[in-house]
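S.K.: Sharing a structure here in structure tokens format.
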Amino acid sequence: MRRLAGLLVVPLLLLSTAACGSDDKGSDSASMKNGLPAITAGEKFGEKPTLSKGEGDPPKELKVNVISEGTGPVTKKGDALQVNYLGQAWDSTTPFDNSFDRGQPFDLTLGAGQVIKGWDQALEGQKVGSRLEIGIPPELGYGAQGQGDIKPNATLVFVVDILKAVTIPKSATGTVVAQDDKDLPKVGTNTDGKAPSLTVPKTDPPTKLVSNYVLEANGEAVKATDTVVVNYVAALWKDGKVFDSTYTTGKPANFPLPQLTLKGLKDGLVGKKIGSRVLIVAPPSEAFGNEEKQGIPKNSTLVFAVDILTKM
């Protein structure tokens, strides 16, 4: 199946390819602390940090130093997390990426493979409100292939602030809304966490965007600035063939709506209530128009059944 990840402006950290942290604190110096490069400025939670260059041999296993511990709930696999971070190679003094300058925190689902393995392992079991410094060996980072400005076999150092953790429901819930229009697709109303059925009629598709409740919850309305966590099934109107589904991997997707470039999907979600299931039909003018994208034929009408599980 084709993935819709290409619809998003994907931060470097998403482009991912089990060891635990050592209790060995290592020797301290002006540029090293507890076995990792020292934070020389901006050490407090919420401040953009400055990291020194690593000295000596980098750690061979994942190493996690808690710079300051928060008082929030402990993170667990499957949680939706929101973090700020700065990343730098061990042998460098220049960050290769950070969210502080963008003014936009980074969202991920913990343990879903959306990020490098070192992140999934280091962030689990930490308290919300904590600042961590993480040393990640190559096999838990970008390995022998590297990534962008990151050299092959690079040891990476991150400072991460855990801003928020949200438990993700397994399914949308709410009041079943009648699907009376025979000219529109029908979506299943199951709430067991399995993929809902999606049946596309053999009629001409609508020429305007459709966004209808299938299950209407009582959560707050989605705003255009939100990041939502969703499960979805996506199909072509032409033949009803499913071309993408989060249910095949069992891993919900994070949609930062300001970065979502498929207009019909974004507009179809905005204003709908968190916790609901929504049918969205995006005509070509609200989808990819006369361009072929990721193997989706040009001038395709796209059909989505979306569970809006939670927001960050």
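S.K.: Along the range 225-236, what does the Karplus equation 6.51 cos²θ - 1.76 cosθ + 1.60 (θ = phi - 60°) give for ³J(HN,Hα), rounded to whole Hz, x for Gly and Pro?
M.R.: Ordered by residue, 3J(HN,Hα) equals 9, 7, 9, 10, 9, 9, 10, 8, 10, 10, 9, 8 Hz.
S.K.: For the chain, what is the charge dipole size about the Cα centre, in debye to the nearest 20, if Lys and Arg each add +1 at the Cβ and Asp and Glu each add -1 at the Cβ?
M.R.: My answer is approximately 760 debye.
S.K.: Check cross-link reach from LYS60 to the aspartates and glutamates: straight Cα distance under 20 Å, and skip same-chain residues fewer than eight apart.
M.R.: ASP23, ASP24, ASP28, ASP91, ASP120, GLU124, GLU133, GLU139
S.K.: When N counts the residues of the range 136-240, how does its alpha-carbon radius of gyration compare numerically with 2.2 N^0.38 Å, as a ratio?
M.R.: Relative to the 2.2 N^0.38 Å estimate, the range 136-240 comes out at 1.63.
S.K.: I would also like to ask the following. In terms of solvent-accessible area of protein heavy atoms at a 1.4 angstrom probe, what is the ranking of ILE150, ILE67, highest value first?
M.R.: ILE67, ILE150
S.K.: Can you list the HN-Hα couplings for the range 263-278, worked out from phi with the Karplus curve (6.51, -1.76, 1.60; θ = phi - 60°), rounded to whole Hz and with x for Gly and Pro?
M.R.: Taking θ as phi minus 60°, the curve returns 4, x, 5, 4, 5, x, 8, 4, x, 7, 7, 4, x, 8, 10, 10 Hz for the range 263-278.
S.K.: Averaged per residue, what accessible surface does the chain expose to a 1.4 Å probe, in Å²?
M.R.: Value returned for the chain: 46 Å² of accessible area per residue.
S.K.: Read through the labelled values (1) 26, 23, 21; (2) 46, 24, 16; (3) 41, 20, 15 and report the label of the one computed as semi-axes √(5λ) of the Cα gyration tensor in Å from the structure.
M.R.: Working out semi-axes √(5λ) of the Cα gyration tensor in Å from the coordinates points to (3).
S.K.: If you put +1 on each Lys and Arg Cβ and -1 on each Asp and Glu Cβ, how big is the dipole of the range 89-210 around its Cα centre, in Debye rounded to 20?
M.R.: 360
S.K.: So, one more: Between ARG102 and LYS182, what length comes free when the chain is fully extended (0.36 nm per residue of separation minus the Cα-Cα distance, one decimal in nm)?
M.R.: Difference between extended and current length: 24.2 nm.
S.K.: Which lysines does LYS202 reach when only Cα atoms under 30 Å apart count, and residues fewer than 8 places away in its own chain are ignored?
M.R.: Partners found: LYS182, LYS186, LYS194, LYS238, LYS241, LYS263, LYS266, LYS272, LYS273, LYS293, LYS298.
S.K.: For a quick protection proxy, order the peptides 154-166, 185-197 by their average other-Cβ count within 10 Å, most packed first.
M.R.: Answer by packing, highest mean first, reads 154-166, 185-197.
S.K.: Then there's this: Once you put a point 7 Å from the Cα of ASN190 and another 7 Å from the Cα of LYS298, both along the Cβ direction, what distance in nm separates them?
M.R.: It is 3.8 nm.
S.K.: Amide H neighbours of GLY111 under 5 Å, at least 5 residues apart or on other chains, H built in the peptide plane: list them.
M.R.: GLY78
S.K.: Okay, moving on. Using the per-residue mean of other Cβ atoms lying within 10 Å as a proxy for protection, in what order, highest first, do the peptides 202-215, 252-265 fall?
M.R.: Ranking the peptides 202-215, 252-265 by packing returns 252-265, 202-215.
S.K.: Then there is this: Taking all protein chains as present, what is the carbon and sulfur share of the accessible area of the chain, in % to the nearest whole number, probe 1.4 Å?
M.R.: Within the chain, the accessible surface is 49 percent carbon and sulfur.
S.K.: In debye to the nearest 20, how big a dipole does the range 86-137 give about its Cα centre with +1 on each Lys and Arg Cβ and -1 on each Asp and Glu Cβ?
M.R.: Its charge dipole is roughly 140 debye.
S.K.: Ordering ARG102, ARG131 by how much accessible area each has at a 1.4 Å probe, largest first, what is the list?
M.R.: Largest accessible area first, the list is ARG102, ARG131.
S.K.: Mind ranking LYS117, LYS273 by accessible surface for me, highest first, 1.4 Å probe?
M.R.: LYS117, LYS273
S.K.: Would you work out which of ALA165, THR225, THR175 lies farthest towards the positive end of the dipole of the chain, given +1 charges on the beta-carbon of Lys and Arg and -1 on that of Asp and Glu, about the Cα centre?
M.R.: Working it through, the farthest residue towards the positive pole turns out to be THR175.
S.K.: Explain nothing, just compute: Karplus ³J(HN,Hα) = 6.51 cos²θ - 1.76 cosθ + 1.60, θ = phi - 60°, for every residue of the range 70-75 in order, whole Hz, x for Gly and Pro.
M.R.: x, 10, x, x, 7, 6
S.K.: Please list, ordered by chain and number, the residues whose modelled amide H lies under 5 Å from the amide H of ILE168; skip anything fewer than 5 residues away on the same chain.
M.R.: Amide H neighbours of ILE168: ALA80.
S.K.: Specify which residue in the list LEU156, VAL210, THR199 is farthest towards the positive end of the charge dipole of the range 77-215, using unit charges on the beta carbon of Lys, Arg (+1) and Asp, Glu (-1), about the Cα centre.
M.R.: After comparing all options, I get THR199.
The values are calculated or read from the model by the stated rules, or taken from the named source; none is laboratory data. Keep in mind the model is a prediction, meaning the values are calculated, not measured. Don't worry about glycine lacking a Cβ; one is built from the backbone with ideal geometry, like all the others, and counts go over all protein chains shown. Quick note on the areas: whole protein, heavy atoms, side chains included, nothing else; ligands and nucleic acids left out. Shrake-Rupley method; radii C 1.70, N 1.55, O 1.52, S 1.80 Å.
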